[in-house]
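Report on the following structure.
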Amino acid sequence: MIPGLALRRRFSDLTDREILALAISSEEDDARIYRDYAARLRAEFPASARIFDGMAEEEDGHRQRLIDLFVARFGEAIPLIRREHVSGYYARRPVWLVENLGIERIRAEAAQMERDAQRFYTAAAKRTGDAATRRLLGDLAMAEAGHEASAQALEEGHLTEDSRGSEADAAHRQFVLTWVQPGLAGLMDGSVSTLAPIFATAFATQDPQTTFLVGLAASVGAGISMGFTEAASDDGQISGRGAPWKRGVASGVMTTLGGLGHALPYLIPHFWTATVIAMIVVFVELWAIAWIQNRYMDTPFLRAAFQVVVGGALVFAAGALIGAG
């Protein structure tokens, strides 16, 4: 299970009062992020910084309109509801994660922020029965769509014609959210978490058949667990990450494959031959994970390699030492 998941509310269970409070806190956070982007871009990209300043001011205006409506309907006591309190609600990346990746990445982050907000307001407008609230949420959805156009236009001179293809960008983004992210999480879990039980069994028994059976059970069990956890964690309505069953399949299948990769060599009856091949497979798996993180998640390759390879090596060493002992 995902820690803290049981403490989060589903978006479909929120009342109008809670939806407005969530929107208020979200607008405040977004304005702060845009001002931070503007401050970091001002020296090198002053025109882009001015655009972010304007977007932050508009977010402040949205927040004030939401507060006015909330006070008119429910009084001045606004409950503290933030993104992390709602299951499946979109999250924001900390600015320091993207600040060193250039104007193109900041542009993409800003455009994604506005798509998330537009999707939220559209879904929220459909749920409320109050005409004034529905009208305001619909207006804000349209305003966020305009913000997305501003974000997409940032520093067009730095982008190729192909990279400005909105449909291609949207399709690639959806592919990453629905398949790559859950699949990568599954591959990492399957490749790393099964290292200890498989190699502990291998060195403890030196029996390839027993090791394979343990590896098969661990891989399939982990795949089922990860698949159901991913599907249950987010219905995709607000986050836009796609259908739960698709993400569950991606996560479950890749978790199983990640474990089977170094379990299948133990079908070879000779123990040391199977173990050496399994170690080679582990090495390839860990570097493949680092490459995927770099290719699709914009993680610097050396940092991804250090995290994955060192982490995997520690888990492998733990399993081998426990089994040998």
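When T273 is tested against the conditions (1) in contact with a Pro (Cβ under 9 Å, 6 or more places away or on another chain); (2) surrounded by 14 or more Cβ atoms within 10 Å (Cβ to Cβ), the lone failure is (2).
Which members of segment 59-114 meet the condition of being surrounded by 19 or more Cβ atoms within 10 Å (Cβ to Cβ), under 18 Å from I24 (Cα atoms) and modelled with pLDDT of 80 or more? Residues satisfying the conditions are E59, H62, R63, L66, L69, F70, I81, V86, M113, E114.
Within segment 201-233, the set of residues being farther than 19 Å from Y266 by Cα, among the hydroxyl-bearing types (S, T, Y) and in contact with a helix residue (DSSP H, G or I) (Cβ under 7 Å, 6 or more places away or on another chain) comprises S233 only. Looking across segment 299-325, the residues that are surrounded by 14 or more Cβ atoms within 10 Å (Cβ to Cβ) and hydrophobic (A, V, I, L, M, F, W, C) come down to A304, A305, V308, V309, A313, V315, F316, A318, A320, I322. If you filter segment 190-210 down to residues that are more than 22 Å from A288 (Cβ to Cβ) and under 34 Å from the mean Cα position of the chain (by Cα), you find that the one that is surrounded by the fewest Cβ atoms within 10 Å (Cβ to Cβ) is A200. Restricted to segment 1-28, and to residues there that are β-branched (V, I, T) and touching a helix residue (DSSP H, G or I) at 6+ places or on another chain (Cβ under 9 Å), the residue that is modelled with the highest pLDDT is I24. Return yes when A31 is touching an Asp or Glu at 6+ places or on another chain (Cβ under 9 Å), modelled with pLDDT under 90 and aliphatic (A, V, I, L, M) and no when it is not. Against the criterion (touching an Asp or Glu at 6+ places or on another chain (Cβ under 9 Å), modelled with pLDDT under 90 and aliphatic (A, V, I, L, M)), A31 does not qualify.
The values are calculated or read from the model by the stated rules, or taken from the named source; none is laboratory data. Everything numeric in this text was worked out from a predicted model, so none of it was measured. Every residue, glycine as well, gets a Cβ built from its backbone with ideal geometry; the counts of neighbours run over all protein chains shown.
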